[in-house]
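A quick write-up on the structure given underneath.
The values are calculated or read from the model by the stated rules, or taken from the named source; none is laboratory data. What you see is a predicted model; the values in this text were computed from it and never measured. Cβ atoms come from the backbone with ideal geometry, glycine included; neighbour counts cover every protein chain shown. For accessibility, only protein heavy atoms count, side chains too; no ligands or nucleic acids. Shrake-Rupley method; radii C 1.70, N 1.55, O 1.52, S 1.80 Å.
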Amino acid sequence: MALAAEPPNPTRCGHELFPGRQNTSPQTHTNTNTETKRSEDHKFHAHTSKIVKASVEFAASSGRVTGRFIPDSITTSLPLESNHCRPPLSSPTMLPLHQCIAPLLLHFIFLAPFWLALAQNHEDPTIRTMEAFSGYPLHEPSSSSIPNPISSLLVDADSLVKQIEELSTFSDSPSPSVTRVLYSEKDVLARRYVKNLMGLSGLFVREDAVGNIFGRWEGSEPELPAVATGSHVDAIPFSGKYDGVVGVLGALEAINVLKRSGFKPKRSLEIIFFTSEEPTRFGISCLGSRLMAGSDALAKALETTVDAQNISFIEAASSAGYLTDSAQISTVFLKKGSYSAFLELHIEQGPILEEEGISIGVVTAIAAPASIKVEFEGTGGHAGAVLMPYRNDAGLAAAELALAVEKHVLSSGSIDTVGTVGILELHPGAINSIPSKSHLEIDTRDIDEERRNTVIKKIHESATEIAQRRRVKLSEFKIINQDPPAHSDKSVIEAMVSSTKELNLTHKLMISRAYHDSLFMARISPMGMIFIPCYKGYSHKPEEFSSPQDISNGVKVLALTLAKLSLQ
């Protein structure tokens, strides 16, 4: 198609767009020059047409560009869209095609790579930096799929270790120990720190009446029950910095790992920061998760519970910004099925994984704990004046019962039965005074509830017999709690085992002999736990330690398992 045009202006559509071509006016050409010029134009036209078509075909075949079809007739005609190259139609001069194809050619040369780069933004180092800083992709995928565990589940171990160290500074005892007691000033600061991290990761954060904290990443089908994970950050006096903390900050990093990988959950994923897993302040273990599981007895007891300083639970919770009335406690209860599954990442708190050189422990069951309070009363007296046959020594009664606990546990017939006398107090506590009172607190556990209950029965029988024989009074034998064991769900175990295999990590099926919030979450949803090694099995002491590599392995297994469960 021929187009009428005025003589081209070099400053508007001229050859300066193509360095090396001379800007000349057609009016000065001789006939010979005109023929030469036409020949050059024809060659240039054919060459540029091939480039343009090749660019379009490449873009189309790559799936990068969609738009209007460029016909074969491009070699003879092209629409002119650029106003600055459109000549007046009244002009008698024909415009050479190459004069106006230049802007179009530059469009494909320069803009096609730009669109290609946009489509491949994950390869752009700037985008990667922004995604790493934000913790999740700037362009989320349109569909959900399991991320490749080898190439995309990348844990930022340095940042995670730094967060663990920072959280350990919120402590009422000097480093390297950690003391963080429920509703204390340091506990409140630690809560604020974790909530800020949740917010930075783009999670929706909320809290219930007793201070259980929830951070949710909403899935594509938010109406489905979510998959939950989490642990606690409270710490008994002079303990370590990893117990519970790995399960909270590690869960947060697992979410960030999935976001960076481009994964989009179907079921929402939710991190839970449980209130008071440790019984330090009010003598109640797993307080937050027990309430979530719907313990009416605990809710009733908390109405009158006080700590060693005679501060009530209600008063302490209110001072930390939580409930102000006992009627609010029951609002924490959750219905069975509120979550589709629950996972907890935790240090083993025992030496097995480290000694056997195994990366991951897949927990199949959590031992059932029972707590007992025992008190004996005697007559006391002067350590020198009262002869041995005339004594009613409450201290010796307590000592004998402590040995009886060991005997009954060892005779249970199972290595899974354990018992501990963790507290033994004597009154008046003077070196030259015969104890008139003694107080013991006994912990016994087993994965078999009936076997554990048999041990408790034998301990009670021994306490009664000792009191009679030593002529002291058994003033109290009280079972504080007698929780049933919990077994991990088969489907959750399978997902954890599958994840460890895909990540080429060694694993071991094992029992948790320490109780965890998972014990009570099992009453709400299918449950599973992931253990990682810790140095010499140390826990609840300043020497508690887990290496960055072991923590990273646990986070990867958690992330991949969460992804699998989210898509179910």
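Database remark: amide H of Met529 closer than 5 angstrom to the amide H of Glu344, Val363 (H placed geometrically; neighbours at sequence offset of 5 or more, or on other chains; Pro and chain starts carry no H). Taken over the range 234-289, the percentage of Cα pairs per 10 Å bin, counting from 0 up to the bin with the maximum distance, is 21, 40, 24, 14, 1. Using a probe of 1.4 Å, the accessible surface attributed to Thr169 totals some 90 Å² when neighbouring protein chains are kept in position. Taking amide H as placed 1.01 Å from N in the peptide plane, Gly350 has its amide H under 5 Å from the amide H of Cys534, each at least 5 places away in sequence or on another chain.
When all protein chains stay in place and ligands, DNA and RNA are ignored, the 1.4 Å accessible-area order of Ile415, Ile236, largest first, is Ile415, Ile236. With R₀ fixed at 30 Å, the C-beta to C-beta distance from Phe238 to Leu387 puts the FRET efficiency at about 0.15. Taking 16 Å as the straight-line reach from the Cα of Lys564, the lysines in range (excluding those fewer than 8 positions away in the same chain) are Lys259, Lys264, Lys266, Lys490, Lys501, Lys556. The separation of the range 489-544 from the range 157-191, counted between C-alpha centres, amounts to 23 Å. Treating r as the C-beta distance of Asn310 and Asp448 and R0 as 51 Å, the FRET efficiency rounds to 0.85. If each of Lys407 and Asp158 carries a label point 7 Å out from its Cα toward its Cβ, how far apart are those two points in nm? Roughly 6.0 nm, to one decimal. Taking 7 Å steps out from each Cα toward its Cβ at Ser319 and Ala297 produces label points 2.9 nm apart. Computing FRET efficiency as 1/(1 + (r/R0)^6) for Asn432 and Arg192, where r is the C-beta to C-beta distance and R0 is 41 Å, gives about 0.25.
Computing the accessible area with a 1.4 Å probe over protein heavy atoms, can you report the carbon and sulfur percentage for the range 425-546? About 50 percent, which is the carbon plus sulfur part of the accessible surface. A 1.4 Å probe run over the range 394-489, with the rest of the protein chains in place, finds 53 Å² accessible per residue. Straight-line cross-link reach from Lys186 at under 24 Å between alpha-carbon atoms covers these lysines, not counting any fewer than eight positions away in the same chain: Lys162, Lys195, Lys241, Lys541.
Less than 5 angstrom separates the built amide H of Gly230 from those of Ile272, Leu343, Leu345, all sequence-distant by 5 or more or on a different chain. Each 10 Å bin from 0 upward holds the following percent of the Cα-Cα pairs of the range 400-510: 12, 32, 24, 16, 9, 6, 1.
The modelled label-to-label distance for the pair Ser175/Ile423, using points 7 Å beyond Cα in the direction of Cβ, is 3.2 nm. Using a probe of 1.4 angstrom, how much of the accessible area of the range 240-366 is carbon and sulfur, in percent? Carbon-and-sulfur percentage of accessible area, whole number: 47.
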